[in-house]
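Data block below; observations after.
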Amino acid sequence: MAEAHQAVAFQFTVTPDGIDLQLSREVLKHIYLSGVTSWKKRAIRFKNGVLTGVYPASPSSWLIVVIAIMSTMYARIDPSMGMIDRIKTSLPVSEFMTVQTQTVLSAILFATGLWLSFIFLLRYILKALLSYHGWIFESHGKMSFSTKVWLSLVKLLSGRRPLLYSFQASLPHLPVPSIDDTINRYLESVRPLLDDEQYKQMEIVANDFKKDPAPKLQKHLKLKSWWATNYVSDWWEEYIYLRGRDPIMVNSNFYTMDLLYVIPTHRQASRAANIVHAMLQYRRKLERGELTPLRALGIVPMCSFQYERMFNTTRIPGIETDFVQHLKDRKHLVVYHRGRFFKVWLYYGGRHLWPSELELQFQRILDDKSEPQPGEIKLPSLTAGNRVPWARARLKYFNEGVNRASLEAIETAAFFMTLDDEAHGYDPENIRSLDLYAKSLLHGKCYDRWFDKSFTLIVYKNGKTGINTEHSWADSPIIGHMWEYVLATDCFHLGYTAEGHCKGDINKSLAPPTRLQWDIPKACQEIIEGSYMIAKGIADDVDFHDCLFNEFGKGLIKKCRTSPDAFIQLALQLAHYRDKGEFCLTYESSMTRMFREGRTETVRSCTCESTAFVKAMEDESTTVRQRLALFKKAADKHQNMYRLAMTGAGIDRHLFCLYIVSKVMGIDSPFLKQVLSEPWRLSTSQTPQQQLNLIDTQKFPKYVGAGGGFGPVADDGYGVSYIIVGENLITFHISSKFSSPETAGHRGETIMYSMWKIMCFFNFKLHKHISLHQIHKIMFFLAASYDPFKHNKTRSS
């Protein structure tokens, strides 16, 4: 055990002359280095805290203001209009403070006050500028003169070299939309889903709500928006995530894949070591606030608050609600391998372990032949089952002794890692390879991921990796930001030897990883088995299909002068209609990070315009030009809704918060109850690509990510995540449930067909040499050869 190994460094013996202490010089050296590192870290954090606190000014600007004020005083000019004299009279008189000292101190205090006022003024002006969102509604490639002036002012006031949290105090608060706007947009969004009678009834219910109790609820919500930093985010985290009592595996957690085509090394321990070391580098930058904040157009800052809880964070189960525990300066991680838990220290002598040292530690775990203790193998399945049994078991069986110490080691770890004994990844020869890879990342064996940790790093035996992320603390772009940095660092900065090992010397004097000890009684083992069976039922029911669409991509879509996201969303609407013969309520996630502590908003992608386009595509009597016109109208509508959602004028978060206020006030609203109970049978999300631009995909086309995905939101619906990779690849991650006869089947071809069908019409517009006859010939071939149900039996089996 590591504790025993370290204990020999400190020994003492009792003699007649007293106690003789024997201290190891090596240990004292490590203690000294750890102390130096700790104080250095504090000093850097303090410095960066000061830089963030005074942004967009700088500490040096304070000195300039002080010198300027002192200079004017020596010139017998009083810029303070008598304020310096007033400060001087209020200072205490003593023998140690001469009149001249009082004058200088008064001038410094006045200059400091002036400097702070200047900072607050700059922040207020910047906040006012960032509250303007007219630029986002302008056509792509066209920028008005007023927007150009606005951008120049924002750039001027943004300062140089901002740190990660520099803009937080300057970001505007999320505005509360008006009741009229939200109700009108809601009614517009459900119109294509309801017949005339249903829509008329919905209008009556909505108008009744608008009269009462909407004004009363809105008043309280506006009061919260004035008081709180963000009127949505805290309630969203609590009521959508932490109060849910159902399993978070599949239902809440999401996954992120490794590079699609490349495996830098097939040595499991080596890949794990480089990835972990790159994560530690990222964490150091994150804790110091040294990461560059993400900015739209390279100028407009995005909120960074979600990054704070990326590491050292665990979701702790409770009877009625969970809570998120976030700690600082965690120096270990916990590794799960073949049913055993190991604690691995990440520091040595006050520094991070080098990749070669981490490889040694992980290889020791892989070579360990010890057997799991009773109940240890499936222990993580407690985090995969229902929350209440896990919370009760935690209080009863993990509150003392070795169980408490071992559970604490897991929950206080920097993150959790699984050295998986399976091999996964993309195999062009195996059509289901990505499907199995996705299922493994999402739920694994239901007992080999700690689903409560902020994220679990999974490293497979063939060197492929991936991440499973707990959703309450952040959204996918945040973990994607870290993952992009890690993969770029792994492949292009750390690298491997010719044999696939990590670079650097091996320090064999490192204490080996520590096995966590457990004493799990039979009653607790039964609870573990019950959680496992529930989780296994969920996992076995999840159907996945991952598609690589490489016939065309963003490059060709942009030539059609349309948004790639709008294009894909319309293809999804067409695919769903061909699959089901009807339209459904569609969810697309949009971010609201232009506001302080903003998270997401919903874009309702099924619109009157999109349904008109889809029906035209299925109607042979409509001409190509008619369909193109309907497509343009539908795409413009989608883009406008996306922009409204980004700028705080969405529908669903406002209605959600009104519903929470109504429940707190004890007001029953049939309208809100109906809105919040509507199922999202098509839930979609775009995974952001190249947030940091660390990998040049033009130069290294094989080094592209495969994106990630999530489970279906509705039992009879689909979950669709997609990532637009480079110019010529779009990756889809499609999930559904075998148990639903509505979704049990192979759906990838439906999307591919729909993409092709839309693009055929654009080919007519782009390439004049393609005739209408040729287009219809292609269309006929695709329609005749396509059968969306041809793989049903194969998939179900």
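The values are calculated or read from the model by the stated rules, or taken from the named source; none is laboratory data. Predicted model only: the values in this text are computed from it and were never measured. Positions of Cβ are generated from backbone atoms using ideal geometry, with glycine treated the same way; all protein chains shown enter the neighbour counts. Areas reflect the complete protein model, heavy atoms only, side chains present, ligands, DNA and RNA absent. Shrake-Rupley method; radii C 1.70, N 1.55, O 1.52, S 1.80 Å.
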Separation in nanometres of the label points that stand 7 Å from Cα toward Cβ, at LYS47 and LYS200: 7.3
So for ASP619, ASP246, what's the accessible-area order with a 1.4 Å probe, most first? ASP246, ASP619
Any idea what the dipole of the chain comes to, in debye rounded to 20, about its Cα centre with Lys/Arg Cβ at +1 and Asp/Glu Cβ at -1? 2140
Accessible area of SER563 in the full protein assembly, 1.4 Å probe (Å², nearest 10): 20
Inter-site label distance for THR101 and ASP234 at 7 Å from Cα along Cβ, in nm: 4.6
Among ALA523, ASN207, SER71 - extreme Cα towards positive end, dipole of the chain, charges at beta-carbon: SER71
How much length is gained if the chain between ARG643 and PHE700 is pulled fully straight, taking 0.36 nm per residue apart and subtracting their Cα-Cα distance, in nm to one decimal? 17.3 nm
Counting other Cβ atoms within 10 Å, which chymotrypsin sites (Phe, Trp or Tyr not before Pro) in the range 45-149 have at most 10 and lie in a DSSP loop? PHE96
Answer with one residue from LEU217, ALA409, LEU171: the one whose Cα lies farthest towards the positive end of the charge dipole of the chain, charges on Cβ with Lys, Arg +1 and Asp, Glu -1. LEU171
Within the range 203-218, list the residues whose amide N lies under 19 Å from a label point set 7 Å along Cα→Cβ of VAL664. 213-218
Just to confirm, what accessible area per residue do you get for the chain at 1.4 Å probe, in whole Å²? 46
Loop GluC sites (Glu not before Pro), the range 341-396, which have at most 14 other Cβ atoms in a 10 Å radius of their Cβ (DSSP): none
I'd like the distance separating the alpha-carbon centroids of the range 638-698 and the range 406-467, in whole Å. 29
Listed residues THR412, THR497 arranged by accessible area, highest first, probe 1.4 Å: THR497, THR412
If you take the charge dipole of the chain about its Cα centre, with +1 on Lys and Arg Cβ and -1 on Asp and Glu Cβ, which of ILE240, LEU121, TYR307 is farthest toward its positive end? LEU121
For the residue pair ILE64 and LEU395, what label-to-label distance in nm results when each label sits 7 Å from Cα along the Cα-to-beta-carbon direction? 5.9
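In terms of the Cα gyration tensor, with a ≥ b ≥ c the square roots of its eigenvalues, is the range 245-544 rounded because a/c is under 1.5, prolate because a/b exceeds b/c, or oblate?
Since a/c stays below 1.5, the shape of the range 245-544 is classed as rounded.
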Per-residue ellipticity at 222 nm attributable to helices in the chain (runs of n ≥ 4 DSSP H, -39500 (n - 2.57) apiece, nearest 500 deg cm²/dmol) works out to -15000 deg cm²/dmol
Can you give the longest stretch of the chain with no exposed loop site, where a site means trypsin sites (Lys or Arg not before Pro) in a DSSP loop (not H, G, I, E or B) with at most 10 other C-beta atoms within 10 Å? 509-698
Calculate how many DSSP beta bridges within the chain are antiparallel, expressed in % of all such bridges and rounded to the nearest 5. 80
In this structure, the FRET efficiency calculated for LEU157 and SER90 from their beta-carbon separation, with R0 = 35 Å, to the nearest 0.05, is 0.55
The percentage of the accessible area of the chain (probe 1.4 Å, all protein chains present) made up of carbon and sulfur atoms, to the nearest whole number, is 57
Report, in listed order, any pair from LYS331/LYS453; LYS461/LYS699; LYS632/LYS673; LYS558/LYS637; LYS331/LYS503 with a Cα-Cα distance greater than 26 Å. LYS461/LYS699; LYS632/LYS673
Between LYS285 and SER433, what FRET efficiency comes out of the Förster formula 1/(1 + (r/R0)^6) with R0 = 25 Å and r the beta carbon distance, rounded to 0.05? 0.15
